[in-house]
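Input: a single structure, listed below in structure tokens.
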Amino acid sequence: MSLVVLCLTFLAASAVGSYVALAGDRQPLAVPAKRIGANYENVTFRSRIDRIRLSGWLFKSRWRTGRSVILVHGWGGNREDVDFIPLARHFLAQGFDVLMFDMRGSGRSGGSHETLATYEPRDLLGAYDFMRGHGYQPSRMVILGNSMGAATVIEASPELAPVAALICDSSYATVTAAVESAFSHYTDLPGVLAVPTLDFARLWGVNPAESPVSVVHRLPSRAFLFIQSRGDNLLPDSSGAQLLAASRDRQSRLLLINSHSHLDTYRADPTLFVRTVDTFIAEQLAARH
């Protein structure tokens, strides 16, 4: 009987855990937009297909270059995700207009929960449609995603072929590997015990079969810049290498930065991070013109 109770308790904990883990971040925004850039608009637009209302800021650079950046936040984040505020300031200084927005289930956007890049690509494509509708040319556009946001960039990439540069910071290679690794990190239990959590996550829309590494492999003419911490404590150390190995485009790159936590790449070495990102963007923009 005690074994049955233990199993039922574990399953109940898995169900609750999956719900809590996908609840998103509804905390108030910490930094006023005017402290990021003086010239900005509060914007709203709809995700593709399911038409969820999404909210964000569109910042305008002092220089009218026609170039733009879309920043795509990660799991449990929002438009101000980790390094996005200094990165937005950097891009504005380089003549890029910058869109920072909240994906479904996060910040000020609609939607009840996150889906680990199963439905978030619809949000990114909604942002892409919004930018195109406002005159931004994909050939002068950059999209940079963090963690789940990076996986979202990859999952959406088949429909982003005209975009000049795609940058993926700390993406996972597969949803299953990411969840199992995170489960071990947070519980000190074997990753295989995350299987019930993954199954329950289907109820919230997560597809455990999602595989960014497979998407990369199917796009032989798409260059990516992958970035990962050498000491990533949340994802398998091999994630970045797997993604690069899957890419058949010679212009794809992998930047490894010495750090000890997930998504700590910019903070660990901002000079190397920015130099590598700027070089990749310049190469990709030049290839489009």
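What follows draws every value from the coordinates through simple rules; no lab data is involved. Just so we're clear, the structure is a prediction, and the values are computed from it rather than from any experiment. Glycine also receives a Cβ, built like all others from the backbone with ideal geometry; neighbour counts cover every protein chain displayed.
Checking R132 against (1) under 17 Å from L54 (Cβ atoms); (2) within 17 Å of the chain's Cα centre (by Cα): exactly one of these is not met. Which one?
The single condition R132 does not satisfy is (2).
Let me confirm something: among V163, V192, which residue is among the aliphatic types (A, V, I, L, M) and touching a Pro at 6+ places or on another chain (Cβ under 6 Å)? Walk me through how you get there before you give the answer.
Values: V192 fails: touching a Pro at 6+ places or on another chain (Cβ under 6 Å).
That would be V163, the only listed residue that is among the aliphatic types (A, V, I, L, M) and touching a Pro at 6+ places or on another chain (Cβ under 6 Å).
Do we have L225 as in contact with a Ser or Thr (Cβ under 6 Å, 6 or more places away or on another chain), of a type outside the set (G, A, S) and crowded, with 20+ Cβ neighbours inside 10 Å here? Working first, answer last.
Details: in contact with a Ser or Thr (Cβ under 6 Å, 6 or more places away or on another chain): no; of a type outside the set (G, A, S): yes; crowded, with 20+ Cβ neighbours inside 10 Å: yes.
It is false that L225 is in contact with a Ser or Thr (Cβ under 6 Å, 6 or more places away or on another chain), of a type outside the set (G, A, S) and crowded, with 20+ Cβ neighbours inside 10 Å.
Out of the residues in the stretch 23-75 meeting the condition of being of a type in the set (F, W, Y) and in a loop (DSSP other than H, G, I, E, B), tell me which one is nearest to the chain's Cα centre (by Cα).
The initial filter retains those residues of the stretch 23-75 that are of a type in the set (F, W, Y), namely 40, 45, 57, 59, 63, 75.
Still in the running and in a loop (DSSP other than H, G, I, E, B): 63, 75.
On the way: W63: 27, W75: 8 Å.
Among those that are of a type in the set (F, W, Y) and in a loop (DSSP other than H, G, I, E, B), it is W75.
Could you grab me the full set of residues in the stretch 248-262 that are assigned to a loop (DSSP other than H, G, I, E, B) and within 10 Å of L225 (Cβ to Cβ)? Outline the logic, then answer.
Taking the stretch 248-262 and keeping what is assigned to a loop (DSSP other than H, G, I, E, B), we get 248-252, 258-262.
Within the stretch 248-262, Q251, S252 qualify.
Determine which member of the set V16, V69, V5, V20 is aliphatic (A, V, I, L, M) and under 29 Å from F280 (Cα atoms). If you could, list the steps in order and put the result at the bottom.
On the way: V16 fails: under 29 Å from F280 (Cα atoms); V5 fails: under 29 Å from F280 (Cα atoms); V20 fails: under 29 Å from F280 (Cα atoms).
Step by step, each of V16, V69, V5, V20 is checked, and only V69 is aliphatic (A, V, I, L, M) and under 29 Å from F280 (Cα atoms).
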